[in-house]
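Step one of this worksheet: look at the structure below.
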Amino acid sequence: MTFERRRWLIAGAVGILASSWLLLSSGPVLSDWRLPLMWLPGFSAPMNELEQTVVTQLRLPRLVLGLLVGTVLAQSGTAMQTLCRNPLADPGLIGISGGAAVFALSVIALGAQIGLQGSFWVSLAAFLGALLTTFLVYRLAGGKTGVDVATLLLAGVAINALAGALLGLLSYYADDDALRLMSFWQMGSLAGANWDQLPLGVVLMGVSSIALFMLRKSINTLLLGERQARYLGVNTRSLKRQLIIWVALGVGGAVALTGMIGFVGLIIPHIARLLVGANIRWLMPVSMLFGASVLVLTDWIAKTIVAPAELPIGIITASVGAPFFIYLLIQQKRRLHAGY
Amino acid sequence: MLDINIAHVKCGQKRVLGAFDLTLEAGEFVALIGENGAGKSTLVNTLAGELNYQGSIRLNGRELSNWIPKQLAPVRAVMEQKLSAPFGLTVSELVGMGRFWSNETDVVTQQRAYKWLQRFDAEAFADRTMDTLSGGEQQRAHIARCLCQLDVAVPGEQMLLLDEPTSALDVYHQHSVLAELRRFTRQGNLVIAVMHDLNLASLYADNILLLADGALKHFAKPETVFRSEILEKTYRSPVYITKHPNIHKPMIFTEPRHL
């Protein structure tokens, strides 16, 4: 078992290297498989100015963003699925994406009228929206004895429904430009990646990712159920609170910078679980590696498949992810029931 | 070691446990018996600190609600009736999870886990995943996890709560598990186990705690509690009591019922 799991960890690492190489070396503008090598001192053919610009100013920030978003989405999915003891739980499900979307799109649609224009305000709004909804959902689901997971999920459903209604309403007030931006943003895209925005994302998602990773031993005990986790010595109340905050921070950050990219937080932990089992010690790192490489690969497809135009990445993740998810459900029905 | 002095335990409006005034000593193996719905699991859950109670329950002199989870873990372990078998979690990993409270290294934890798996004749399936095991094997793995959790340098004053620990076990493993639990009590610890097999309870328990309708009916040695008039009233069935030929503990016989 350990050998098998280590193999998947290595596969994930190789996946990251391969997809990163692909994203750095090829694209609609110029493609040369040797591009990532040209940084090495003493390489026979150093980069020319165009190559330098394309690789360091366009592709590299996009790669960093993709790796971060993929890692955080998959990691948050892993954490939420373990917390809810339900393989279908997803950060989107508890309303974080919906809340972030409402806030960010309000700025996109109405920002010009109140003088809050530009990506910084959109990002900030998305992050605040994520935090606010998570807090709201948490308060709704929280009682004297802590968070009730079923109520948490139901509150998430309600928040998402409300978010959907508000988004529909917003589209009436938006002008044509804002509408196009809104629809693009709702589908998610990494095209806006640049070095100015990246530090914000690195901080938000980096902190979330590290915090969740440090909690993995505690999260693991939730596999046996909340009660048993308490018997094992875990302060489950504090653990749940921390989990929700870190997930909100990470997903809020991801949504702020790239919009709503669905299915990654749902599918990647799912696949990883089928490969290495539910033990967080293996599941979390494998999910992180897979999430990062899959997101980078999907981003590469998104920008090359209809070049010179670009497809929103969410269209690809949803159209590949949803059928695959259904296939998984049918295939693994019995094993899933045994697992949870 | 465990002082129970409660007026009642309520679940919503329903009163699920009545007044309890009882002190359990270290070194005791207590078998909790009673018919279905008598409140056995409720009592276990209350003693585990999961239910709000009116009154006081003191473990080693300290009120249950004042214990910090991480401090309580090396002193008290609980095995629930419904056992979890997470997909893809190996048996040795499950047993090792008992060490969550400690700061020991993974290598030490694994060694300890194997020690307890051996004690429960489970090292053969140590690397199998929980979801592939039989019910009895899962039960042994969870008992091993509990004892691994309570494995400390200086044992004593520790409490182990078990809800039907032997229900899925064959005769051989029933005895090996109960012998292991009794050894644990002889180290100065307290074991409270819900049991349905009265003969096993008679053979291993120091004291029998009989519950009916959420109330404490009897708490005494097996010889005192296992009398036909008490058991016939509790279980509404004809009961015959004899003595075990070798160890002179009460043995209980029942009769087939014809409908």
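Brief remarks follow.
- Taken as a whole, the condition of being at pLDDT below 75 and small (G, A, S) applies to A:G146.
- Residue match in region A:206-219 (condition: of a type in the set (K, R), more than 15 Å from the chain's Cα centre (by Cα), loosely packed, with under 15 Cβ neighbours inside 10 Å and within 14 Å of chain B (Cβ to nearest Cβ)): yes
- Scanning region B:202-215 for residues that are in contact (Cβ under 8 Å) with a residue 60 or more places away in the chain, outside any strand (DSSP E or B) and in contact with a His (Cβ under 9 Å, 6 or more places away or on another chain) yields a total of 2.
- Within region B:186-199, the presence of at least one residue that is of a type in the set (S, T, N, Q) and assigned to a helix (DSSP H, G or I) is confirmed.
- B:H218 surrounded by fewer than 20 Cβ atoms within 10 Å (Cβ to Cβ) and part of a loop (DSSP other than H, G, I, E, B): no
- Residue within region B:224-237 that is surrounded by 17 or more Cβ atoms within 10 Å (Cβ to Cβ), in contact with a Pro (Cβ under 9 Å, 6 or more places away or on another chain) and in a strand (DSSP E or B) present: no
- Checking every residue in region A:232-253 against the condition of being free of Cβ contacts under 8 Å to residues at least 24 places away in the same chain, touching a strand residue (DSSP E or B) at 6+ places or on another chain (Cβ under 9 Å) and either within 14 Å of chain B (Cβ to nearest Cβ) or in a helix (DSSP H, G or I) (or both) gives at least one match.
- Unique residue being surrounded by fewer than 20 Cβ atoms within 10 Å (Cβ to Cβ), out of contact with any Cys (no Cβ under 7 Å at 6 or more places or on another chain) and assigned to a helix (DSSP H, G or I) when the list is B:R145, B:R182: B:R182
- Among the residues making up region A:264-275, those that are surrounded by 23 or more Cβ atoms within 10 Å (Cβ to Cβ) and either within 14 Å of chain B (Cβ to nearest Cβ) or within 23 Å of A:F127 (Cβ to Cβ) (or both) are A:V264, A:G265, A:L266, A:I268, A:P269, A:H270, A:A272, A:R273.
- Filtered by the rule that a residue be crowded, with 18+ Cβ neighbours inside 10 Å and either more than 10 Å from every other protein chain (Cβ to nearest Cβ) or under 18 Å from B:P155 (Cβ atoms) (or both), region B:64-73 gives B:L64, B:L72, B:A73.
- Hey, B:H248 without any contact (Cβ under 8 Å) to a residue 60 or more places away in the chain and in a loop (DSSP other than H, G, I, E, B) or not: yes
- Among the residues of region A:9-29, those that are touching a Phe, Trp or Tyr at 6+ places or on another chain (Cβ under 8 Å) and under 11 Å from A:L289 (Cβ atoms) comprise A:L9, A:G12, A:G15, A:S19.
- Odd one out for A:T304 among (1) more than 10 Å from every other protein chain (Cβ to nearest Cβ); (2) modelled with pLDDT of 85 or more; (3) touching a helix residue (DSSP H, G or I) at 6+ places or on another chain (Cβ under 9 Å): (3)
- Scanning region B:81-99 for residues that are closer than 22 Å to B:A193 by Cβ, at the interface with another protein chain (Cβ under 7 Å from one of its Cβ atoms) and at pLDDT below 90 yields a total of 1.
- Unique residue being outside any helix (DSSP H, G or I), out of contact with any Phe, Trp or Tyr (no Cβ under 8 Å at 6 or more places or on another chain) and not polar (S, T, N, Q) when the list is A:G92, A:G66, A:G77, A:G98: A:G92
- Failed item, numbered, when B:Q138 is tested on (1) farther than 23 Å from B:G188 by Cβ; (2) outside any loop (DSSP other than H, G, I, E, B); (3) more than 17 Å from the chain's Cα centre (by Cα): (3)
The values are calculated or read from the model by the stated rules, or taken from the named source; none is laboratory data. Keep in mind it's a predicted model, so treat the numbers as computed, not measured. Note that each Cβ is placed from the backbone with ideal geometry, even for glycine, and that neighbours are counted across all protein chains shown.
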